[in-house]
1. Just to confirm a number: summing +1 for Lys and Arg and -1 for Asp and Glu over residues other than Trp176 whose beta-carbon lies under 15 angstrom from that of Trp176, what do you get?
2. At R0 = 51 Å, how high is the FRET efficiency between Asn26 and Ile134 if r is their beta carbon distance? Nearest 0.05 is fine.
3. Could you check the simple spin-label distance between Ser420 and Ile246, using points 7 Å along Cα→Cβ, in nm with one decimal?
4. Stretch Phe372-Val258 to full length: gain in nm at 0.36 nm per residue minus the Cα-Cα span?
5. Please compute the net charge surrounding His278, taking Lys and Arg as +1 and Asp and Glu as -1 over other residues with Cβ under 14 Å from its Cβ.
6. What net charge is computed for the residues neighbouring Tyr164, neighbours being all others with C-beta under 13 Å from the C-beta of Tyr164, Lys and Arg scored +1, Asp and Glu -1?
7. So, in nm, how far is label Arg51 from label Ile7 when the simple model puts each one 7 Å beyond its Cα toward the Cβ?
8. Taking θ as phi - 60°, what are the ³J(HN,Hα) couplings along segment 347-360 by the Karplus curve (6.51, -1.76, 1.60), each to the nearest whole Hz, with x for Gly and Pro?
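Only the coordinates and a few stated rules stand behind these numbers; no lab work does. Since we're looking at a predicted model, the values are computed, not measured. FYI the Cβ positions are ideal-geometry reconstructions off the backbone, even for glycines, and counts take in every protein chain you see.
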Amino acid sequence: RYDLANILGYENWTDYCINEFTSEKNNYKYIKEFFEIIKKRIDIDYSTINRGIELYMNRMNGSYHNHDEKKNKIIKKNNNNNNNEHIYGNNIYGNNIYSNHSTWDYGECFYKSKEKKMFIYDWYYYYNLMTNKIDEYTINKYFPQSYVLDNFIRIISRIYNFYYTRVRNTELGNGWEENAIIYKIERIERKERIWNRKENDDIEKKSNDLSSWFLGYIYIIPYIDISFKDYFRIRNINSLSNTYLICKGHVIINYNFVRTVPIEEKLFSTSEITSLFHEFGHAYHLLLLSNKYKLYNFNNIPLDYAEFFSHINEHIGNNYNIIYNLSNEKKDNSKIEKHIFNSFKIDELRLSHIYTQSIIDYYIHNLNPYIFFNKNNNYNINNDENILNNFYDLINSEFPYNINQFNYSLNSTSFPYHFSSLYAGSVFSYLLAEIRVRLFLNQKQLSLKNNKSLSSFQKNFYDIISINYMDKNNYPSIIHHVIKNKNEVLQKM
């Protein structure tokens, strides 16, 4: 990849991808400054969270007012602890958070330096305790697959104001999977009708007529077609959720959710619920665009432009009333309670999670592999562990916790994106889309709660959709905007 990018005239694979697949052409040289500004905003959230974690740990292990007394008690507790128990100063990974008692001032926060940072699992353990995060299995029971799939389209149609009709698989020809869900979509539009005009042209009476016009078909393939053996294989790019336009008015959503046996027992996870909204955002946007533009216009749609609308849909789905209506506990038909929703809704870590994947992707594909591997003498395959640790050392400063090969795996968390032919070097586009949503769209436009009515929200949404963002004048560089308005950006995000 590095060699190919050089041949094509780019500095590295990141430079190539940013220019070829995003709207930020020729802006590679500004990426680092852009990341630094976003990192400042994220550090504000991290600092708040880390102070909270430290206070929470203090409460869990006794509250002391005297620093010296507290320090001595911690040291004594550590000395008496021969079983490596998970206590305040020593965790199950053998990482002594307060490692250098003789030189370290207790008043200094543990997250300020690498030596005092917690491991990633510990950090999330305390964060989840502090924020009353609820166990995933407790949440999943509210989302049985058949109820979710049947009601999702009903809910989303009301949000966006369209008609839908379930079409039998055989009506549109052969070849569709048995579990495929096909909907015919028609857009509802209000038109003012004038009943009478006076001589002075004043309108005497008017009413709203509802009219509909055909948009197209959405084909939903909920589950990936895999055998039991496939559970033991590394997932590849084909297992990711994806949406694409096959021709005008025909959009396919491959959710690629993992099947259960039997399928009737399938429960959706919160990440799968997010994927429902994310991919449908793509699908509905593509339907609208395909009725407006010729197919050749879709060949070079920037990734961050496409992701912009799916991120809008994710923010719309971050609404208790929507999730309430999407939920239905199988045993007693109970609905999800608000405190449970609050434990998994979009929170202050959303931006940092998107930033994390972007920065990892940037570091991977921004490397000069000849320098990196030669410098560390890592030609031998047996030294892969050292190579990975060297890479983790590069990115550790980006996080409020420590990561290494024992507690973090590139393969398990982001392998399909960072090393696929479709996404490698372009994960950055998700960050561009999220920043654009946060900065350029008023939260009232995206919030069902803050709009006066559903029709008010719909007007705002379709006003946004109607703008031709493929025109550079309507879709200005988010990188230049952030750099030029850094102080405003830090406040608005």
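1. -1
2. That pair, Asn26 with Ile134, gives E of 0.65.
3. Once both label points are built, they end up 1.9 nm from each other.
4. Taking 0.36 nm per residue and subtracting the Cα distance, the gain is 37.3 nm.
5. With Lys, Arg at +1 and Asp, Glu at -1, the neighbours total -4.
6. Once positives and negatives cancel, what remains is +3.
7. 5.4
8. So the J values, rounded to whole Hz, are 10, 5, 8, 4, 4, 5, 5, 5, 4, 4, 5, 5, 6, 5.
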